[in-house]
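These notes are about the structure you will find just below.
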Amino acid sequence: MAFWKKQEKPPVLPESDLPPEKGQEPSAASTGKPGKKPEKTRRKVDFSQLFYNNKFILALSFVVAVCIWFAVSYSNVSNRPRVVYDVPITIEMSDASREAGLRVFDQSQQTANVSVSGNSIIVNRITAEDLEVVGTLSADVKSADGMTTYTLALTAQKKGGGVLSDYEIVSVDPSAISVDVDVYEEKNFTIDNNVKYSVNSNYYASTPTLAAETVAVSGPRSSVDKVSTVQAEYDIHDALTSTTTVSAKLVAYDQYGMVITDDNLQLSASKVDVTIPVYLRKTLDLTATLSKTPTGFGASRLEVTPSRIEVAGPEDSITDMTELSLEPVDLSQVDFNNPVLEADVTLPSGFKNVSNVWTAQVKVDLDGYSQKSFTVTNISVINASKDHSVDVLTGSVNVTLIGPDSIMSQLTADDLYMQVDMTGQTELSGSAELAATVGVTGSTSCWAVGKYTISAYIG
C-alpha cells in the first residue's frame with residue numbers, strides 16, 4: 001500500500017497584506033486611501049490536490065484494474081486453444097468386415113488427446129464426453145489370414161446432440177493406431193477333471209462330478225484353434241474322509257499338453273465346482289435268498305461264491321450293516337445235474353461296489369433230493385371272470401419235479417395237478433396260451449423244474 005505525506009498548506013495572509021498583482025491597482029486598505037468597492041473574485045479548483053487524497057487514489061486504482069481485466073479477457077475470448085485429454089477411441093467396422101466375422105481383439109491405445117480452439121468460455125467447458133475419436137476398419141476376410149495387424153487413421157468429431165458446438169477441432173494425438181484383427185470363433189469343450197487328491201485308507205472316493213460338463217471358448221480363430229482340452233485343476237493336500245466340493249480353475253491346453261496363455265481367449269466360466277463323493281469302506285457277507293422256498297428247504301443249502309465283497313456307502317447308513325442280500329434265485333430254474341444259479345448283486349441307493357463284483361454264484365445243495373418226471377392230466381382254471389368261459393384244450397402236460405427222496409419215491413401222477421390263474425386277465429378272448437403252475441397234493445416240499453403253459457379258448 002502506498003502512503004502519501006500530507007503537505008502543510010501555506011499560511012493564508014489577510015487580503016490587505018497580499019501584494020498587488022501585476023497590473024492591479026493597490027487597494028484602498030493598502031494605501032490608506034478611499035477607493036472603489038472591490039470586485040468578487042472566482043475560486044479556482046486545483047486538481048493536483050486530488051492526488052493527495054487517499055480515498056480518491058483507492059477509487060481510481062479499482063477503476064483502472066477493472067478496465068485492464070476487461071481488456072485482457074476480451075483479447076482471450078476470441079480464439080483460445082485447449083487440449084482435451086483421454087477421449088475414448090471407437091473402432092467402427094465396415095460392412096465387409098462385419099460380414100466376414102472380423103473383430104478387433106487388441107489396439108495400441110484406448111484413448112487419444114484432442115486439440116480444440118474457440119471461445120474460451122466454451123472451450124473451457126468441453127470434456128471427453130463431448131468428443132469422439134473414430135478409426136474405421138475396412139478389411140475383409142481375404143486380407144485377414146490369422147491374427148493380422150492394421151494401422152487405422154484416427155479422426156476426431158463432435159458428438160451429435162451436444163450443447164457445446166461453437167468451437168473447432170484442430171488435431172488428434174495420436175493420428176493413427178495399430179489394431180490386431182482376426183475372425184471371431186467360439187467352440188464348446190468338454191471339461192476334463194484334473195483335481196488332485198488322496199483318500200484315507202478307510203474310505204473310498206467315487207468318480208468326481210462337475211457342476212458343468214462343458215465350457216465355451218471364444219476369441220480369435222487362430223487362438224481358439226490351438227485349444228485341445230480344457231481341464232479343471234485343483235490340489236487337495238489333506239487325505240479326504242468325507243465328500244468334498246472345490247472350486248477348480250479352468251485351464252486351456254494345446255495338443256502338446258502345454259498351457260495356453262493368450263489374453264485374447266475368453267472362457268465362458270473361469271472356474272467350475274467339482275464334487276468328490278467319499279464313502280466309508282466295509283466288507284459285507286453275501287447272502288442268498290429264494291423267490292419261493294419249499295417247506296423244509298433251509299438257507300444252509302445255499303452256498304454263495306464269493307461269500308464277501310467290499311462296498312462303500314454313506315457312513316451313517318453302512319456302519320451297522322453286516323451282510324448284503326443277493327437278488328432272489330428261483331429253484332424252478334435249477335439244473336439237478338449242475339445245481340448252480342447266478343444271482344445279481346444289488347446295492348442300496350448311494351452305495352458303491354468297491355470289489356466291482358456284480359454277480360454271484362449260488363450253489364444249491366440237493367443232497368437227499370431226487371428228480372422225477374410225470375404226466376399231469378388234472379388241469380383246472382381258477383379266478384376266471386364271470387363274463388367269460390374258459391375251455392382248456394390241453395389234455396396232458398409232461399412235468400419234472402424235484403423233492404425230498406422220501407416223498408418223491410411215493411409220488412404218482414395222480415398226486416400232481418396244474419392250475420391256470422385268470423386273475424387280472426379280463427381282456428383275453430379266443431384261443432390263448434396260459435401260464436400254469438404245478439402242485440403236489442398234500443405236499444409243499446417239492447417244486448416243478450421249468451415253466452409250463454396250456455392252451456385254452458376264452459369265450
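Bear in mind that the values in this text are calculations on the coordinates, not laboratory data. Since this is a predicted model, take the numbers as computed values, not measurements. Backbone-built Cβ (ideal geometry, glycine too); neighbour counts: all protein chains shown.
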### Query
Counting Lys and Arg as +1 and Asp and Glu as -1, each charge on the Cβ, what is the dipole of segment 184-276 about the Cα centre in debye, to the nearest 20?
100 debye
### Task
Answer with one residue from VAL259, SER242, GLY219: the one whose Cα lies farthest towards the positive end of the charge dipole of segment 184-276, charges on Cβ with Lys, Arg +1 and Asp, Glu -1.
SER242
### Message
Show me, for segment 350-357, the HN-Hα J-couplings you get by feeding each phi into the Karplus relation (A = 6.51, B = -1.76, C = 1.60, θ = phi - 60°), rounded to Hz, glycine and proline as x.
### Response
x, 9, 10, 8, 5, 6, 6, 9
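Mind ranking 173-186, 382-395 by how tightly packed they are, going by the mean number of other C-beta atoms within 10 angstrom, highest first? Walk me through the intermediate numbers first.
Working: 173-186: 16.3, 382-395: 12.6.
So the peptides 173-186, 382-395, ranked by packing, come out 173-186, 382-395.
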### Query
For segment 395-401, in order, what is each residue's ³J(HN,Hα) by Karplus, 6.51 cos²θ - 1.76 cosθ + 1.60 with θ = phi - 60°, in whole Hz (x at glycine and Pro)?
x, 7, 9, 7, 10, 10, 10
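What does the charge count near SER317 come to, summing +1 for each Lys or Arg and -1 for each Asp or Glu among other residues with Cβ under 15 Å from its Cβ?
Summing Lys and Arg as +1 and Asp and Glu as -1 gives -1.
For segment 280-364, calculate the relative contact order in percent as a whole number, restricting contacts to Cα pairs under 8 Å that are 6 or more residues apart. Show your work: numbers first, answer last.
Numbers: 158 pairs, mean separation 31.9, N = 85.
Value for segment 280-364: 38 percent.
Once a ≥ b ≥ c are taken as the square roots of the eigenvalues of the Cα gyration tensor of segment 184-276, is the result rounded (a/c under 1.5), prolate (a/b larger than b/c) or oblate (a/b not larger than b/c)? It would help to have the intermediate numbers written out before the result.
Numbers: a/c = 3.10, a/b = 2.45, b/c = 1.26.
Prolate, because a/c is 1.5 or more and a/b exceeds b/c.
For a test of the definition: using alpha carbon positions, the gyration tensor, and the 1.5 limit on a/c, classify segment 253-388 as rounded, prolate or oblate. Don't skip to the end; give the middle numbers.
Working: a/c = 3.08, a/b = 2.26, b/c = 1.36.
Prolate.
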### Task
Determine the distance separating the Cα centre of segment 330-382 from the Cα centre of segment 418-459; give it in Å without decimals.
21 Å
### Summary
Checking rank on 231-238, 411-418, with mean other Cβ inside 10 Å and highest first, the result is 411-418, 231-238
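Shape verdict for segment 321-450, please, from the Cα gyration tensor: rounded (a/c under 1.5), prolate (a/b greater than b/c) or oblate. Walk me through the numbers before you get to the answer.
Details: a/c = 3.00, a/b = 1.42, b/c = 2.11.
Since a/c reaches 1.5 but b/c is at least a/b, the shape of segment 321-450 is classed as oblate.
Contact order normalised by length for segment 385-454, with contacts defined as Cα pairs under 8 Å and 6 or more residues apart; what percent is it? Display every interim value, and only then the final one.
Working: 68 pairs, mean separation 28.4, N = 70.
Dividing the mean separation by the residue count of segment 385-454 yields 41 percent.
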